[in-house]
Structure formats: C-alpha cells, structure tokens
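The structure appears right after this line, and notes come after that.
The values are calculated or read from the model by the stated rules, or taken from the named source; none is laboratory data. Computed from a predicted model, the values in this text were never measured in an experiment. Cβ sites come from the backbone with ideal geometry, for glycine too, and all protein chains shown count toward neighbours. The area values use the complete protein model at the heavy-atom level, side chains included, leaving out ligands, DNA and RNA. Shrake-Rupley method; radii C 1.70, N 1.55, O 1.52, S 1.80 Å.
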6 protein chains.
Amino acid sequence: MFTVTVRDHMMVAHSFRGEVFGPAQRLHGATYVVDASFSGPELGPDGILLDIGAATGLLHEVLAGLTYRNLDDDPAFSGTNTSTEVLAQVVADRLAPGVASLGPVTRLVVTLHESHVAWASYERALEEAR
Amino acid sequence: MFTVTVRDHMMVAHSFRGEVFGPAQRLHGATYVVDASFSGPELGPDGILLDIGAATGLLHEVLAGLTYRNLDDDPAFSGTNTSTEVLAQVVADRLAPGVASLGPVTRLVVTLHESHVAWASYERALEEAR
Amino acid sequence: MFTVTVRDHMMVAHSFRGEVFGPAQRLHGATYVVDASFSGPELGPDGILLDIGAATGLLHEVLAGLTYRNLDDDPAFSGTNTSTEVLAQVVADRLAPGVASLGPVTRLVVTLHESHVAWASYERALEEAR
Amino acid sequence: MFTVTVRDHMMVAHSFRGEVFGPAQRLHGATYVVDASFSGPELGPDGILLDIGAATGLLHEVLAGLTYRNLDDDPAFSGTNTSTEVLAQVVADRLAPGVASLGPVTRLVVTLHESHVAWASYERALEEAR
Amino acid sequence: MFTVTVRDHMMVAHSFRGEVFGPAQRLHGATYVVDASFSGPELGPDGILLDIGAATGLLHEVLAGLTYRNLDDDPAFSGTNTSTEVLAQVVADRLAPGVASLGPVTRLVVTLHESHVAWASYERALEEAR
Amino acid sequence: MFTVTVRDHMMVAHSFRGEVFGPAQRLHGATYVVDASFSGPELGPDGILLDIGAATGLLHEVLAGLTYRNLDDDPAFSGTNTSTEVLAQVVADRLAPGVASLGPVTRLVVTLHESHVAWASYERALEEAR
C-alpha cells in the first residue's frame, strides 16, 4: 500500500454549543494545519500514486472554501459544532470528488492539527478512479 | 473512522538487563513525549469523539504515576525491561479503564517518542462505552 | 548568556482593518503556539536561570487572559490590529512584570507561531531582578 | 500490535520523465528524511520488538546504497521514475531481508519526507522471523 | 525588535569540489526548507512589520530561480561550492532588494534546513525602507 | 554572519537538590536533543564555515561522555545541579577546544531540548582558529 500526504493550513473563527466545551463556547479561533493522505495499492503508469502538485492544489482549493471565515456564519454548518473531528470529515468529503482524477486512490485520511498538543483525523474509503 | 490525539510527556530514569542493550544497561534516563490516539467509528451527540480537555487530563493523570521516577524502583516493573515498547503498552493499558467515560472509543494507540530519531507505539482495542 | 524557553498556546478569533490584509479582513481565527524565551548572563544559586515550572505557569496565566476569545471585543485592543507581531509584544509586555520574581532575567523574546509556515516574535530588555 | 520507528536521511539527485512532472523533469535533487517503522504483535524475550540501535544500523546501511548519488545513473532504476513512492518501496524492499534477524516483525512501513509539506510511504508485510 | 519569519522550500542537485566533502563530491541533491526572517525595531502603520503574504510571495519568487535545477549548470555559481552556507547567503542577497518595499526591515536572516539534523543560516543588515 | 547547526541527542539520569525542583528532586531522567550552532563572520576557502560531518562527529564525541549515565555519579558534577542550563554550558565548554580545528568559528550556542515544551541554551564566544 502506498500513501502520499500533502500539508496546508486554514485559519477560522467559530464557537461551540454544549457545556462540555467550557470556555470554547465563546467565539474563538484556530489555525488548522491540514494533512491530506491519499492511499492506494499500486502506482500509476508514471510511477506515482498521484501528482503531489495536483494534490496540493486540490487541498488548497478545498481549504479556500473554509479559511479566513467565521464558521458560525456558514449555512453549511448550521446546527453543527465545527469540532476538529467534524472539520476533518468535511475536508475529506469535499476532497473526495476530486481525488478520482488524481490517481488510483482507494483511501483518504485527513488530519487537522489544532495545536502542538492536539490533532484529529477522519479516514474514509474512496471508489477508485477508472 | 475518527481519531483524536493528545500529547504530553514524562521524564524517567531506568536501566535495562540484557547484552543487547549495550551502554543502556547502565542507569540512564529518557524524556518520553507521549501521544495518545483515541479512535471510534462515529461521533457523540456534541459532534466530538471525546473532549480533548478531558483526554488531556486522563493522559496527564496516567503519566503522573510514572514521571520523575526511577522505574527500576517501581515494583510494577520488577523483572521487566521498561523499554519504549513496554512503556507504550503500560500507558495504553492504564488509560483504557478511563476511556469508556470519555466517548465512543474502540481503539487506542499510544506512541512514546524517546528522541528525534526513535519512537515506539502500542495499539489495542477497547470495549466501546455504553 | 543562558536562555530558557517554554511553550504553550492560545486560540483566538479576530479580524484586521486595512486593504493589505485581503481576506483576513473578515472575522477569522488562529492558534498561536507561543514560545517565551528568558535570557540572562548567569544562573541563580540553584544552578538554574529560572524554574521551568514557574515560567510555564506564568506564561499560561498570561495566555489565559487572551485565549478562547474574540479579540475584536477586547477593549485593550480597540483600534489596534491584533497582528502576530502586536500579540507577541502584548504577551511579552504582560509577562515582564512577573519575570523579576522568577530569576535573573535580562531579556525576553516571545514568538507566536501562527502556522507551520509563518511566525513572528518580539524581543525586549528587562530590568534584572534584585 | 507494537511498532518501533527509527529515522535517518539521504540526499540524492534525479530527474523525472513525464509531462505531469513539469519542472521536475529537469535534473534536481532532494533530501529524504526516512522513517522505517517495524511492527509485530508481540515482544521478544528482552521486552523489545527489536533493538533500536540494530534497526538504525540496518536503515543506515540501506540508505548508504542510495545517498550522495545521481539516481539517474543507477542501473537499478533504469526506465523507472524514482518518485518518492517508488523510493519508499525500494527502501522497504531492501530493508526486508535484514529484518528477520532483528526481531518478530510482521509489517514494515517506510516513509520518505521530501519537504515540510509532502511525504510518501510504502507498507508491506514480512514473513516473521523464526 | 520585531521579527517575522516565513517558510518555503527548494529542491536542487549539485556536487562539491574539495576532499573535505567526501562522498558529497559526487552529484547528489537536497531539499532545503528555507526560513526567511525579517526584523525591524518598529511596526508600520497597519500594526505589522510586513505583510506575511507579500513576504511569502517574495521568498517564493527568489526560490523559483533556484529550485528544480542542477546548480552545477548555473553560471552564477561557476567556481563556487553551493554549500548550505553559500546558498543561505545567495537567498538573503536576492531577497534584499525586494524587502524595502515590504516594510521597515533592518535585518534579514535566511536559514536553510538540509535535513532534520543539520541547517545553516546567513544574517545581514538591510538599509531600511524610506 | 554565518551559522551552522547540527543535532544529536543524549539520554541521562539525574536528580536535583533544592525545594524549587519539587518532584524533580527524585532520581529521574531526560532525553536531551542537542543542537550545536557554530557562527563566524566569513567562510573558509572551500565555501563552508566548517564541515558538517566533522561538526557532527565532534558533537557526538562530546555527548558520548555524558549519555547513558546517571549524572549524579559523575564526579565532574559533584555539588552541582545538572539542570538543562548547566548541561548546555557543559556541552558548549567541552565542544570549544575542538572547534578551532573545524573552521573560523567565533561564537557557539548549544541548545538542549528536554521536551516538546521546554528547552535551554548557552551562548559563548570562541577564540577564532588561526
């Protein structure tokens, strides 16, 4: 199994609803350093799983739809806590449609680092490109 | 699958028995930077797998039972080499009982970084909270 | 010259005024991983410049006054862009009064990492403890 | 499951064939920071999966056959793009014969970091030592 | 004193002349992760030393003139060993003319990381923008 | 000014005397990831400040005299707290005599990272090689 990972970041504001969140119920923010990992059992004809430049471009495009925003104002997240786990899934699900054209990828993991001491990831299968 | 990881550290003295260890048979020490990764297939009602603050607290509590000690003097490790692998398992097994109350976690991985060029981890299943 | 550095972090929302900031004029947020570096020409009687635990506590206390907040709502920053540079100075200046009791520190540098590809710092002198 | 990882690096020149590579079709180079991860379900009699020093030595020996070279001139790679993915597999396959004597290892993952924002890995099974 | 740092990277081939370089006399390559640090005693009217986006753009432009190349073929380096130290100076000197328009910067440090265990930097003064 | 840095590590046991140290008065241990930074105003005839391989060798030799030991038993530290600051100075002072033969180095900084959240350094001048 081969895995290729590319890294970018986004900077968002948000607040959480629920007593468990304590002071994070206030409006605050985060830099998420985002790692997108693409896996597949074999390489394509050029000897790569996918073009790292194209993968970086796809990730950047997905993050452009989230960064420099207050996520509390984004209708896509109405009624949802935009936790690190939820945002990892959002990024993965938004990456998925574009992955098929990149290469023979069957699995995707997105990891969001919210600080030097905490991070979260979401892993999902992909239908392979054909 | 979702995974949340939190990081802390401990600082211990110990020595190893066995020729394979060479100079590490002498009493020496290590900082272990410890990553505890909690995984589960779905999020709880608040949109999180577990509260990162509570997970950090649980990890800190487990490490408090090990840090600033000479592990050679700890009866729990009598006759055992407290290798990085063994300590990863010890931390995971001591975390396990407290995880059920944190959230719907089914798998736990503990990684101990002993330097910038070597680390070890132990992965185990958990019975899910109910 | 001796220097001791401790690391912590804060998570804030804010927005910037000025065309130069582009999309960062919108309300967004950041995790700042904060390094506070304390320097002095000689060590105290215990063979340390300062107690790392006490320095960590002082930094945490200063960051507690900023984290999990929308800095746009904080009167202390009224009319000020809370850029990474400005916040580095704010943290340094708020640390300064508490440093004298920590040890013989004559210089302080605070670095705020806003992502894996950008960070800023502010350096200032301190009157030495006596 | 236990996993032990050791890190080293190599510095190579190479070029790629294929339009997808853009400017990387020119002769250029890379530092690959290489992580070799060895996994097995149980520890050996000394309480370790393998000796970290011996694993470091094995990895260094394999990388010595690649580093400080122009891979375009190496007959082993004739007609092959020495992409990060391909090189991860090469390192893993060259490590494999030597792993059996290190300890009860059943899985091997090799990760090559080509920069702070991109890395690739190859994972393969191993026949366990006996 | 304020300092702002931005990070990018370049990937080059080269060889060294001189017995001291041992196997690095062969054609090989390196990824240089490049940190450009801009310092000045005071902030501009927007509360920043310089625009991080503009600084990132300037650094990227300078590195574009070096990356994905065999430096042995670049006439600019004829008769020069393109050591990490030399390249740090080259990047700094090529950044310098563009810095004045970024902000009130008086000092520039460029650091090139050639691996996880070695890096080099060059520091120089700048005439301040006016 | 040019600066070259190389990294290695050591793993020691020790204890501290003084109430300020709290639980660190017990015998415990640390991994110190050690960065040695060599600075000088100009490069030597080969276009380098010093040979990175030779600098790495010198650092490794100095650390070999400290690693895998209980520093409480080392007569060199009798009556001294082997704090991170003190050990940074010890490493710097032991490196100093060997630096002159490496290259035109005038300043030396040694940084010891004791964890991911704390590190200390010692900076000293050197008489330049001639």
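Things worth noting here:
- At an R0 of 35 angstrom, the distance between the Cβ atoms of residue B:17 and residue F:127 translates into a FRET efficiency of 0.15.
- The accessible area of residue C:107, taken with all protein chains in place and a 1.4 Å probe, comes to roughly 80 Å².
- Take each residue of peptide F:13-23, count the partner chain Cβ atoms within 10 Å of its Cβ, and average: the result is 5.
- With respect to chain B, whose longest principal axis is taken over its alpha-carbon atoms, helix B:84-99 is tilted by about 30°.
- Pseudo-label separations to other copies for residue C:73 - Cα-to-Cβ vector, 7 Å, nm: 1.5, 5.0, 5.9, 5.9, 6.5
- Area hidden from solvent between C and A (accessible, protein heavy atoms only, 1.4 Å, total, Å²): 1900
- The listed residues B:116, C:14 rank as B:116, C:14 when sorted by accessible area, largest first, using a 1.4 Å probe.
- For the protein assembly as shown, the convex hull drawn through the C-alpha positions has a volume of 165 cubic angstrom per residue.
- When chain F is turned onto chain A, its residue with the beta carbon nearest the axis, and that distance in whole angstrom, is F:116, 3.
- Spatial separation of Cα centroids for segment B:62-114 and segment C:14-48, in angstrom: 34
- Pseudo-label separations to other copies for residue E:97 - Cα-to-Cβ vector, 7 Å, nm: 4.6, 5.0, 5.0, 5.5, 7.0
- Largest-first ordering by accessible area, 1.4 Å probe, given options C:99, B:109: B:109, C:99
- Folded to 0 to 90 degrees: helix E:52-64 orientation relative to chain E principal axis, Cα: 20
- Where D:94, A:17, E:7 fall by accessible area, highest first, once all protein chains stay in place (1.4 Å): A:17, D:94, E:7
- Per-residue ellipticity at 222 nm computed for the protein assembly as shown from its helices equals -7000 deg cm²/dmol, with DSSP H segments shorter than 4 residues left out and the rest contributing -39,500 (n - 2.57).
- Of the whole protein surface, residue E:78 contributes about 90 Å² of accessible area at a 1.4 Å probe radius.
- Kirkwood-type radius of chain F, with distances r between different C-alpha atoms, in Å: 15.3
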